[in-house]
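Colleague: Okay, handing you the structure first.
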Amino acid sequence: VSINIPEGKTVKKGTLLVKLFDGELQAAKSKLDALLKTRESAYQRLAELYKVNSVSSAALEASAYERDATKADLEAVLAQISKTEIRAPFDGEVGLSNINVGAGVTQSTPIAWIRSVNRIKLDFSLPERESALLRVGQKVEFKLGDKAEKYSAIVIATEPAIDASTRNRKFRAAVSKTDAGLVSGAFVTVL
């Protein structure tokens with residue numbers, strides 16, 4: 001029902017990007033708000049009457065149960081409403097929007113890409129015979145395509161096994177310095 005995807009701009013974690021239709025859930029919330037108010041008042045009246053021994057403890061407990069059950073139902077509806085809001089999962093730069101207002105979306109519909117601007121990771125593979133030379137914590141250097149500038153990264157993880165079809169081992173490194181030239185998905189050469 002609304003889209004707030006600032007294409008090409010930076011967003012903060014938690015920024016509302018997309019609001020999905022939640023009319024039925026909002027109606028259920030309103031109904032439960034009113035019911036909770038009524039049940040809270042009924043419980044308070046019974047609590048006052050219980051103090052002067054005008055009602056049984058069973059009646060007071062039943063009223064408390066109804067109030068608490070309504071609170072739980074309201075929390076469930078609020079959780080469903082929160083699922084109609086798509087928020088930025090982290091600080092980052094937003095790519096292009098893949099949806100328009102009125103579009104049907106599912107859990108697998110790509111909305112937009114967000115690229116972390118704080119930490120870029122480098123994924124690469126090495127042949128089996130060379131992979132034994134590299135360990136977590138080691139520094140690696142790489143360059144973008146045919147550019148001369150070198151960048152560095154620290155290996156943060158590795159696959160524990162060699163890929164049977166390629167005979168390569170995968171590594172992941174955290175890039176030490178980021179700049180506009182480093183773009184997710186770019187081809188790099190590890191030196």
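Colleague: If you go through segment 120-146 one residue at a time, how many are open to solvent by 70 Å² or more (accessible area, probe 1.4 Å) and under 11 Å from residue 182 (Cβ atoms)?
Modeller: Residues that pass the stated criteria total 1.
Colleague: Still on this structure, I have one more. Within segment 122-144, track down each residue that is under 14 Å from residue 159 (Cβ atoms) and touching a residue at least 12 places away in the same chain (Cβ under 8 Å).
Modeller: Filtering segment 122-144 for residues under 14 Å from residue 159 (Cβ atoms) gives 123-128, 131-132, 134-136.
Selection gives 123, 124, 125, 126, 127, 128, 131, 134, 135, 136.
Colleague: Working carefully through the options 158, 106, 166, 84, find the one that is among the polar types (S, T, N, Q) and in contact with an Asp or Glu (Cβ under 7 Å, 6 or more places away or on another chain). Step through it out loud before you land on a result.
Modeller: Values: 158 fails: in contact with an Asp or Glu (Cβ under 7 Å, 6 or more places away or on another chain); 106 fails: in contact with an Asp or Glu (Cβ under 7 Å, 6 or more places away or on another chain); 166 fails: in contact with an Asp or Glu (Cβ under 7 Å, 6 or more places away or on another chain).
The match here is 84.
Colleague: Also, quick follow-up: Looking at segment 67-74, can you tell me whether even one residue there is among the hydroxyl-bearing types (Ser, Thr, Tyr) and at pLDDT 95 or above?
Modeller: yes
Colleague: Here's a follow-up. If I filter segment 29-47 for residues that are of a type in the set (Lys, Arg), touching a residue at least 40 places away in the same chain (Cβ under 8 Å) and in contact with a helix residue (DSSP H, G or I) (Cβ under 8 Å, 6 or more places away or on another chain), do I get at least one hit?
Modeller: Going residue by residue through segment 29-47, those that are of a type in the set (Lys, Arg) are 29, 31, 37, 39, 45.
From the residues that got through so far, the ones that are touching a residue at least 40 places away in the same chain (Cβ under 8 Å) too are 29.
Add one more test, that the residue is in contact with a helix residue (DSSP H, G or I) (Cβ under 8 Å, 6 or more places away or on another chain), and what stays is 29.
Looking through segment 29-47, at least one residue is of a type in the set (Lys, Arg), touching a residue at least 40 places away in the same chain (Cβ under 8 Å) and in contact with a helix residue (DSSP H, G or I) (Cβ under 8 Å, 6 or more places away or on another chain).
The values are calculated or read from the model by the stated rules, or taken from the named source; none is laboratory data. Bear in mind that the values here come from a model prediction, so they are computed numbers and not experimental data. Every residue, glycine as well, gets a Cβ built from its backbone with ideal geometry; the counts of neighbours run over all protein chains shown. Accessible surface areas use protein heavy atoms only, side chains included; no ligands, DNA or RNA. Shrake-Rupley method; radii C 1.70, N 1.55, O 1.52, S 1.80 Å.
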